[in-house]
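Have a look at the structure below before the remarks.
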Amino acid sequence: MSFELPELAYAYEALDPYMSADTLHLHHDKHHQAYVTNLNKLIDGTALASKSLEEIITTTSGSAEHQGIFNNAGQHWNHILFWQCMKKNGGGNLPSDLEKMIVDSFGGYDAFKENFIQAGITQFGSGWAWLIQENDGKLAVMKIANADNPVAHDKHVLMGVDVWEHSYYVDYQNRRPDYLKAFIDNMIDWEFVANRLKK
Ligand code: MN3
């Protein structure tokens, strides 16, 4: 089986001005495509070629020999979710079940937002910030470096944001905090996030 780049569910202009069409073309069509192309090349003819993306990630996690496969598979998974977390006219009110869980877990929506933005800011270099649901049902924020992936840590992700420079430099230059704030306030598809809650 070979992996394919999924099309975006929205137009390249849909997130403008918070994430420009230029950024989406570069990030989706070039960067994400490169992860998919590299992954397919690296697993071709190996036992991994018949595995699911999640199986490839968990199988290759921590293996120095399979670092390249892990990186490209992890980034393919991360980006698939990232694109789904956003929509045109995103942000705004949260579905009530998700809002209640955020208040219960963080003390309030503002505290969650501060916590999530700080995770994104303090991820040194490249990486990701995630909102996850722990096994006890509570929500938490986690950050991971580079191409690491929440599946490899057995974490259930609700949503996440790419803080590699390719995700924001065209639109925000070095202002990563502004990008993170715009992601939360203007880009997140909260219905999609709420639908990922484990009941
Ligand atoms: Mn990226």
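Solvent-accessible area per residue in segment 1-85 equals 50 Å², computed with a 1.4 angstrom probe and all protein chains kept. Sparsely packed loop sites in segment 89-171 (the chymotrypsin sites (Phe, Trp or Tyr not before Pro) outside DSSP H, G, I, E and B with at most 14 other Cβ atoms within 10 Å) comprise Phe124.
Quick one: check the C-alpha center-to-center distance for segment 148-163 versus segment 22-73, whole angstrom. Their Cα centres are 15 Å away from one another.
Quick one: helix 33-43 against the long Cα principal axis of the chain, what's the angle to the nearest 10°, folded into 0 to 90? With both axes taken from Cα atoms, the answer is about 40 degrees. The angle between the Cα long axis of helix 96-106 and the main principal axis of the chain comes to about 90°, on a 0 to 90 degree scale. Rounded to the nearest 20, the size of the Cβ-charge dipole of segment 21-84 about its Cα centre is 40 debye, with Lys and Arg at +1 and Asp and Glu at -1.
Over the chain, Cα pairs under 8 Å with separation of 6+ residues give a relative contact order of 26 percent. Between helix 109-122 and the chain, what is the angle of the helix's C-alpha long axis to the longest principal axis, kept within 0 to 90° and rounded to the nearest 10? Taking Cα atoms only, the helix is inclined about 40 degrees. Between Met86 and Asp189, the built amide H atoms are under 5 Å apart, and every one of these is 5 or more places off in sequence or on another chain. About its Cα centre, the dipole of segment 96-195 is roughly 260 debye, where the only charges are +1 on Lys and Arg Cβ and -1 on Asp and Glu Cβ. With K and R counted +1 and D and E -1, the other residues having a Cβ less than 15 Å from that of Ile121 yield a net charge of +1.
Shown in residue order for segment 136-153 are the 3J(HN,Hα) couplings computed by the Karplus curve 6.51 cos²θ - 1.76 cosθ + 1.60 at θ = phi - 60°: 7, x, 5, 8, 8, 9, 9, 10, 9, 8, 6, 9, 4, 8, x, 4, 5, 9 Hz (x for Gly and Pro). Would you please state the base-10 log of I(q)/I(0) at q = 0.08, 0.15, 0.16 1/Å for the chain, with intensities from the Debye formula using one equal scatterer on every alpha carbon? One equal scatterer on each Cα of the chain leads to -0.26, -0.93, -1.05. Computed from the alpha carbon positions, the gyration tensor of segment 94-165 leads to an equivalent ellipsoid with semi-axes of 21, 14, 9 Å, biggest first. Here the chain is assigned +1 on the Cβ of each Lys and Arg and -1 on the Cβ of each Asp and Glu. Its dipole about the Cα centre then comes out at about 220 debye. Amide H contacts of Trp164: Gly127, each under 5 Å away and 5 or more positions distant or on a separate chain (H built 1.01 Å from N in the peptide plane; Pro and chain starts excluded).
The values are calculated or read from the model by the stated rules, or taken from the named source; none is laboratory data. All of these numbers come straight from a predicted model, not from anything done at the bench. We place every Cβ from the backbone using ideal geometry, glycine too, and count neighbours over all the protein chains shown. Accessible surface is based on the protein model in full, side chains and every heavy atom, while ligands, DNA and RNA are left aside. Shrake-Rupley method; radii C 1.70, N 1.55, O 1.52, S 1.80 Å.
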